[in-house]
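Q: Attaching a single structure in structure tokens format; questions to follow.
The values are calculated or read from the model by the stated rules, or taken from the named source; none is laboratory data. As the structure is a computational prediction, the values presented were derived from the model and not from experiment. For neighbour counting, all protein chains shown are included, and Cβ atoms are generated from backbone atoms with ideal geometry for every residue, glycine included.
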Amino acid sequence: MPADLLHLEAVCAGYGKVPVLHDVTVSIPRGDAVAAIGANGVGKTTLLRVIMGQIPITAGDVLFDDVSIRELPTSRRARLGIGYAPEGRALFPMMTVRENLEIGAYHATAARRAARAGWLFEVFPKLAPLRGRLCALLSGGEQQMVAIARALMNEPKLLLLDEPSTGLAPRVVGELYEALTHLHADGLTVFVVEQNARAALRFARTVHVVEDGRIARSGLASEMLDERMLAEAYLGHVPEPPVNAP
Amino acid sequence: MLVTILTLALTGVLWGGVYLLMASGLNLIYGVMKIVNLAHGDFIVVGGLLTLTLFELHVNPLAALPAAALVMFAVGALIQRGILERLVTAGPAGELRTLLATFGMSYVVSNVGLLLWGAQVQSVPFLEGSVDAFGIRLPENLLVCSAVAFAFAIAVHIWLTRTMSGKAVRATSQSAVGAAACGLSIRRIRVLTFGLGCAMAGAAGSLTITLIPFQNSSGGPLTVQAFTVIALGGLGNYVGAFLAAVILGVAEVTTSFVFGSNAAAAVVYILFILILVFRPQGLLGRSARV
């Protein structure tokens, strides 16, 4: 069994003629919790879109379970075992919570879908009483839980999360990451991209800092949980304070 | 007086059933793919003319309906797979390309109809008697066709809301990105949807040719009629389309009774303009969209 569940090798990608990712190499070890942090517009979402095949890569390769998935459409990648909660959640707003989850395991049997949904209502107990409610009527935090739960319906090997904390109150972000921590502890491999670096650093074991479409730095989250390095990730170089500063 | 009003209302509702089926295919295609199929009326005409051919081979029009629907499903699936799928791109550019493609397709289908069936006006005689109850007289063919049309449209609605494949179609209409992330093949769903929309057009044509005569060039007005129903109901909205079809049916029948059949034909266009000016989002807008 390969150690890396997902491996991006020297990937270049962009939108039309506008390059966004340059020579990006990232590995997601099996069972790890990995985060990519960085300021807005540096290519974090593009990184996930490349993994899901939503935009083509111009160079490099994407390996999942040691097999190239470069030419596969998004739907095939999902069926291989990549769960994806995209930016903006991409829920089905005029369908109920239960229906959203059912679609998440479209290819499973009805019994399997029901069992999986039942388990996810235990993981996200707030969703259980809302199962018959249209997703359009849920709060931002509830919608984010549905997006993650839907991505988990198909029993993925890897869960990709794009900015799960965006627009959520700090308390809700805490609840969300608590649930993710439990899922990761049960063996799920998670790759999260976040602007909320603090939340991502507390959750992940390994962190990649993205700057201008490149991986500027990689390391252990425990080592990066340092205010100065966080500031560098967002603001670029932070000058040393003058020696005789008060 | 009461009998006259009831007769007009019931006749209008029955026509509403036929209009609902005519519009449902267009509504389904727009709802899922955001394609305004300007050839929809021409597919209705071809469905009717296929029924005519089968009728000439002594096949009952109701028995011809599934055959017409099946042929139109295959035609629609091939068009989607071979032409429209290549034009679908994100955003307004894709919508404009597919609009122009279906506009051109309308001419192609109409002229193929001209080659195969000629330019003459044609109809299929079917159940030419009437049913009389409490002084209300209703044409038998309209009663049967409306019942079949309502049943067909309701069956599609049940399929969309109760089955996993139908839910997948609805999911794709609401978020193609989300649907693909769930492992759904968007391309297959688009082929299924366009095929099904065309099958509904074919079925509507099968029924309509027993009520009003067709010729190869009847497609344009039928497209406008179907489009009026979905614009009035709210684009992509099935409950709205149901209400709109009944309103259009009653308005046409009442106008025809009061001002004559020529005025009734104008009702569709007047209603269409009024919707665009005063309520472009339709009766139910997007609020109850499936």
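Q: Inspect all residues belonging to the stretch B:119-137 and state whether any of them is touching a residue at least 60 places away in the same chain (Cβ under 8 Å), farther than 30 Å from B:V109 by Cα and in contact with a strand residue (DSSP E or B) (Cβ under 6 Å, 6 or more places away or on another chain).
A: Yes, because at least one residue in the stretch B:119-137 is touching a residue at least 60 places away in the same chain (Cβ under 8 Å), farther than 30 Å from B:V109 by Cα and in contact with a strand residue (DSSP E or B) (Cβ under 6 Å, 6 or more places away or on another chain).
Q: When the residues of the stretch B:254-273 are filtered to those that are more than 21 Å from the chain's Cα centre (by Cα) and at pLDDT 85 or above, which remaining residue is surrounded by the most Cβ atoms within 10 Å (Cβ to Cβ)?
A: Filtering the stretch B:254-273 down to residues more than 21 Å from the chain's Cα centre (by Cα) leaves B:254-263.
Then keep just the ones that are at pLDDT 85 or above; that gives B:254-260, B:263.
Numbers: B:T254: 17, B:T255: 21, B:S256: 18, B:F257: 17, B:V258: 10, B:F259: 12, B:G260: 10, B:A263: 14.
The extreme case among them is B:T255.
Q: If you don't mind, there's one more thing I want to ask. Criterion first (surrounded by 19 or more Cβ atoms within 10 Å (Cβ to Cβ), in a helix (DSSP H, G or I) and facing chain A (nearest Cβ under 10 Å)) does B:T161 satisfy it?
A: Considered against the rule, which asks whether it is surrounded by 19 or more Cβ atoms within 10 Å (Cβ to Cβ), in a helix (DSSP H, G or I) and facing chain A (nearest Cβ under 10 Å), B:T161 comes out as no.
Q: For A:G53, indicate whether it is within 27 Å of A:N196 (Cβ to Cβ), without any contact (Cβ under 8 Å) to a residue 40 or more places away in the chain and within 10 Å of chain B (Cβ to nearest Cβ).
A: yes
Q: While we're here: Select, from A:A85, A:A110, A:A105, A:A115, the only residue that is modelled with pLDDT of 95 or more and touching a Pro at 6+ places or on another chain (Cβ under 9 Å). Show your work before the answer.
A: Numbers: A:A110 fails: touching a Pro at 6+ places or on another chain (Cβ under 9 Å); A:A105 fails: touching a Pro at 6+ places or on another chain (Cβ under 9 Å); A:A115 fails: touching a Pro at 6+ places or on another chain (Cβ under 9 Å).
One residue alone meets the criteria, A:A85.
Q: Give the number of residues within the stretch A:46-67 that are at pLDDT 95 or above, outside any strand (DSSP E or B) and over 15 Å from A:I82 (Cα atoms).
A: Within the stretch A:46-67, residues that are at pLDDT 95 or above, outside any strand (DSSP E or B) and over 15 Å from A:I82 (Cα atoms) number 1.
Q: For B:G166, all conditions in the list (1) within 14 Å of chain A (Cβ to nearest Cβ); (2) more than 22 Å from the chain's Cα centre (by Cα); (3) of a type in the set (G, A, S) hold save one; what is the number of the exception?
A: Among (1) within 14 Å of chain A (Cβ to nearest Cβ); (2) more than 22 Å from the chain's Cα centre (by Cα); (3) of a type in the set (G, A, S), B:G166 violates only (2).
Q: Further, regarding this structure: What about A:I69, is it within 14 Å of another protein chain (Cβ to nearest Cβ), among the aliphatic types (A, V, I, L, M) and buried (at least 22 other Cβ atoms within 10 Å of the Cβ)?
A: Considered against the rule, which asks whether it is within 14 Å of another protein chain (Cβ to nearest Cβ), among the aliphatic types (A, V, I, L, M) and buried (at least 22 other Cβ atoms within 10 Å of the Cβ), A:I69 comes out as no.
Q: I'd like the full set of residues that are surrounded by fewer than 24 Cβ atoms within 10 Å (Cβ to Cβ), at the interface with another protein chain (Cβ under 7 Å from one of its Cβ atoms) and in contact (Cβ under 8 Å) with a residue 40 or more places away in the chain, limited to the stretch A:74-85.
A: A:R79
Q: Answer yes or no as to whether B:A251 is surrounded by 21 or more Cβ atoms within 10 Å (Cβ to Cβ), in a helix (DSSP H, G or I) and not charged (D, E, K, R).
A: No: the conditions fail for B:A251.
Q: If you don't mind, there's one more thing I want to ask. Read through the list (1) at positive phi; (2) touching a Ser or Thr at 6+ places or on another chain (Cβ under 9 Å); (3) away from chain B (no Cβ under 14 Å), then give the number of the only condition that A:G38 fails.
A: It fails just one condition, (2).
Q: Condition check: among the β-branched types (V, I, T), closer than 30 Å to B:G12 by Cβ, modelled with pLDDT of 90 or more and loosely packed, with under 13 Cβ neighbours inside 10 Å. Does B:V121 satisfy that? I'd like the intermediate steps shown before the answer.
A: Working: among the β-branched types (V, I, T): yes; closer than 30 Å to B:G12 by Cβ: yes; modelled with pLDDT of 90 or more: yes; loosely packed, with under 13 Cβ neighbours inside 10 Å: yes.
Yes, satisfied.
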